[in-house]
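Here is the structure we will look at, set down as structure tokens.
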Amino acid sequence: MKNADEISKSLGLLLLRTGTGGFLLYGHGWDKFIHFSERASKFADPIGLGPWWSFALVVFAECFCSAALMLGLATRLAAIPIAIFGLVAVFVQHAADPFGDKELALLYMLPALALLFTGPGRFSIDALIARARGARGAKIGH
């Protein structure tokens, strides 16, 4: 029964990773990525790095980190920029705005934080790497 619970949890994490990463990449990141040069100079500068760098960091989180989340590759590391941009959006950029303007950032930030704490589950590249390292370590130890 423990194996069934583990599979069930890993399937849940797979859905969380692919759903969050996919929606963030498709719904937000990809358009920013393909129109980077047109939009970078006009982007907000909520943390004082300049519009270009702020936009580059958001594109990195929304495109590359989202893709990594979907694959389960460096999952905990990939979740950090997504959580950070969510925090900045909610508490800096939209601090004075109504809840509705903050809600979407929260809906991406919370799964990223959950994945930061849980990890990707067994259906991920991270798990494949861990299994390969474990098998290799077992061969070396004997």
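Quick notes on this structure:
- Total residues in the stretch 32-51, condition surrounded by fewer than 14 Cβ atoms within 10 Å (Cβ to Cβ) and either farther than 19 Å from LEU87 by Cβ or polar (S, T, N, Q) (or both): 7
- Listed by first and then second residue, the pairs linking a residue in the stretch 9-32 that is farther than 14 Å from ALA127 by Cβ to a residue that is at pLDDT 95 or above and surrounded by fewer than 18 Cβ atoms within 10 Å (Cβ to Cβ), with Cβ atoms under 8 Å apart and 6 or more places separating them unless they lie on different chains, are LEU16/ALA114; GLY21/ALA67; LEU25/ALA67; LYS32/ARG39.
Yes/no per residue for (1) farther than 22 Å from LYS32 by Cβ; (2) more than 13 Å from the chain's Cα centre (by Cα); (3) in a loop (DSSP other than H, G, I, E, B):
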site	(1), (2), (3)
CYS65	no, no, no
MET70	no, no, no
ILE82	no, no, no
ALA89	no, yes, no
ASP97	no, yes, yes
MET109	no, no, no
ALA112	no, no, no
LEU116	yes, no, no
ILE129	yes, yes, no
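- LEU104 fulfils the conditions (1) free of Cβ contacts under 8 Å to residues at least 24 places away in the same chain; (2) surrounded by fewer than 13 Cβ atoms within 10 Å (Cβ to Cβ); (3) among the aliphatic types (A, V, I, L, M) except for a single criterion, (2).
- For the stretch 21-60, the set of residues classified as closer than 18 Å to HIS94 by Cα, hydrophobic (A, V, I, L, M, F, W, C), part of a helix (DSSP H, G or I) and in contact with a helix residue (DSSP H, G or I) (Cβ under 6 Å, 6 or more places away or on another chain) consists of PHE55, VAL58, listed by residue number.
- Look at (1) surrounded by fewer than 18 Cβ atoms within 10 Å (Cβ to Cβ); (2) in contact with a Ser or Thr (Cβ under 8 Å, 6 or more places away or on another chain); (3) farther than 21 Å from GLY121 by Cα and you find that LEU71 fails only one, number (3).
The values are calculated or read from the model by the stated rules, or taken from the named source; none is laboratory data. This structure is a prediction, so every number in the text was calculated from the model and none was measured. Note: ideal-geometry Cβ built from the backbone for every residue, glycine included; neighbour counts use all protein chains shown.
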